[in-house]
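The values are calculated or read from the model by the stated rules, or taken from the named source; none is laboratory data. Everything numeric here is computed off the predicted structure, so don't read it as measured data. With ideal geometry, Cβ positions are generated from the backbone for all residues, glycine too; neighbour counts draw on all protein chains shown. Only protein heavy atoms, including side chains, enter the accessible area calculation; ligands, DNA and RNA are left aside. Shrake-Rupley method; radii C 1.70, N 1.55, O 1.52, S 1.80 Å.
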Amino acid sequence: MKATTGSSTNACAKTAGAEAAKKVKNGLEQIKMAFVYASCDYDLDDMLAGIADELPGVPVIGNTSFTGVITPEGFVGGDDGFVGIMGMTDENLCVGVAAVEKTDGPEAAGEKAAALAMERAGKTGAPDYFYMVAPPGEEEFYLKGITNVIGRVPFFGGSAADNTISGNWKLFTDRGVFADGVAVAFFYTAKGMENKFTGAYRETKDIGIITKVDGKRTLAEIDGIPALEKYAAWRGMDAEQLKGGALLAETIVSPLGVKDRLGDLVAIRHPMNGNDDGSMAIGNNLAEGTAIIRMEADVNELIDSTGKTLNELKERMKRPAGAYHLVHCGGRRAGIDGRIDEVARQIKEAAGDVPFIVEFTFGEYGFEADGLNTCGGLMLSFTGFEQ
């Protein structure tokens with residue numbers, strides 16, 4: 001695989017799209033597809049029009065990113081808007097990009113997107129791997145629909161984000177912009193992909209059993225005790241101080257985690273809101289009767305985990321990488337705050353001369369080799385593509 005990146009912070013969305021795309025075009029011939037991440041404050045249709053002017057006919061997939069992106073140019077963000085693009089190509093690469101809005105439920109949308117992506121690629125079988133983007137809330141169900149069609153195929157990606165957690169996120173392809181649904185890119189290629197999916201948090205001795213879940217994402221009880229009270233006791237805090245949105249900020253450095261059946265992966269579960277009844281709204285699905293662990297990491301560890309994780313990904317690569325697609329949780333980015341340039345430096349040092357793009361998401365997707373595809377929060381999903 002070969003890749004180039006481009007970015008712009010032009011206040012005009014169409015100009016920004018064209019400026020970033022021109023940088024990509026000037027560094028790469030016969031572009032097969034492009035990842036695009038942009039500000040929720042842009043007119044995204046105008047931005048896509050600017051990209052299309054420079055990259056006519058190139059399939060595009062992406063979403064709005066929390067506060068910015070990182071490319072080899074550094075952290076790219078600002079109040080006037082931003083866009084980052086990574087174009088990819090390979091002589092034998094075939095990519096099918098498809099998007100489906102949710103009308104009959106997320107699982108049905110996932111099934112339709114999978115079928116359409118194969119059709120767009122001119123294929124009838126499963127891809128070698130795929131990328132997915134969805135809005136926060138029902139990611140696991142979109143994934144289930146895709147899996148119904150193609151089986152278990154390694155995937156990566158993340159959920160669309162905005163700058164204020166107010167629901168202004170969008171996802172898009174070169175065919176349009178929408179808020180509720182799923183988009184996928186199916187990769188058919190002989191070039192391998194490796195993914196490192198981690199929260200990079202430390203496990204504590206605070207472990208309990210989930211004894212009650214309301215719906216899929218409301219943690220009601222741990223060990224028969226209201227979840228908010230149990231968590232507050234673990235932290236030595238007052239549960240009243242964790243009600244409402246205060247819980248989201250407090251748990252960036254101490255979220256919850258659930259282990260996969262082999263113990264190879266701890267999928268982070270980010271508590272989002274402390275409810276008056278003592279329950280906690282969680283950013284991903286939960287199941288009763290499973291163990292949940294309190295995790296820890298300070299801000300220095302959140303920063304250092306980025307370079308460390310990319311280096312771990314490099315060690316997994318069977319051949320040298322030609323590009324890195326790096327999904328970084330927006331909540332982690334919020335906790336890092338003004339020190340985001342330290343993250344950019346660590347990633348650039350670890351990446352070396354290999355092109356990369358970092359987006360900031362409200363949900364992350366990845367896998368471990370012997371486990372299932374997984375959705376989490378407050379995580380890093382770092383993907384490398386062979387040259």
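Brief remarks follow.
- Cα lying deepest toward the dipole's positive end in region 1-50, options S7, I31, A21, charges on Cβ: I31
- Nearest-0.05 FRET efficiency for T124 and E101, computed from C-beta distance (R0 35 Å): 0.90
- Once the Cα atoms are used to define both axes, helix 13-27 deviates from the longest principal axis of the chain by about 70 degrees.
- Whole-Hz ³J(HN,Hα) from phi, Karplus 6.51 cos²θ - 1.76 cosθ + 1.60, for region 233-246, glycine and proline x: 5, 4, 8, x, 10, 8, 4, 4, 6, 9, 6, x, x, 4
- Angle of helix 106-121 to the longest C-alpha principal axis of the chain, folded into 0 to 90 degrees and rounded to 10: 20°.
- The chain - mean residue ellipticity at 222 nm from DSSP helices (-39,500 (n - 2.57) per run, n ≥ 4, rounded to 500): -8500 deg cm²/dmol
- V149/E240 FRET efficiency (R0 51 Å; Cβ-Cβ; nearest 0.05): 0.60
- Cα-projected label distance for D353 with D214, points at 7 Å along beta-carbon direction, nm: 5.8
- Among the lysines of region 216-347, pairs that are 8 or more positions apart or on different chains and have alpha carbons within less than 22 Å of each other number 7.
- Checking every one of the GluC sites (Glu not before Pro) in region 256-316 against DSSP loop status and a limit of 13 other Cβ atoms within 10 Å picks out E288.
- Accessible surface calculations at 1.4 Å, restricted to protein heavy atoms, place region 46-94 at 32 Å² per residue.
- Cα gyration tensor shape of region 35-120, rounded if a/c is under 1.5, else prolate or oblate by comparing a/b with b/c: oblate
- Cross-link reach is defined here as a Cα-Cα straight distance under 15 Å, omitting same-chain residues fewer than 8 places apart; for K212 the aspartates and glutamates meeting it are E221, D223, E229, D277, E288.
- Take every Cα pair under 8 Å whose residues are at least 6 apart in sequence, average their separation, divide by the length of region 154-195, and the relative contact order is 23 percent.
- If R0 is taken as 35 Å, the Cβ-Cβ distance between R175 and E229 corresponds to a FRET efficiency of 0.15.
- Nearest 10 degrees, 0 to 90: helix 340-351 Cα axis against the chain principal axis: 60
- Checking every one of the trypsin sites (Lys or Arg not before Pro) in region 283-387 against DSSP loop status and a limit of 10 other Cβ atoms within 10 Å picks out K318.
- Carbon plus sulfur fraction of accessible area for the chain, probe 1.4 Å, in percent: 45
- For region 37-139, applying the loop criterion from DSSP together with a ceiling of 15 other beta carbons within 10 Å to the GluC sites (Glu not before Pro) yields E73, E91.
- Kirkwood hydrodynamic radius (C-alpha pairs) into Stokes-Einstein, region 228-387, 37 °C and 0.692 mPa s, D in µm²/s: 196
- Proximal aspartates and glutamates relative to K22, as straight alpha-carbon distance under 17 Å, when same-chain residues fewer than 8 apart are discounted: D46, D53, E54, E73, D174
- Region 236-258-region 109-124 distance, computed between alpha-carbon centres (Å): 40
- Where region 280-384 is the region considered: accessible area per residue in Å², 1.4 Å probe: 35
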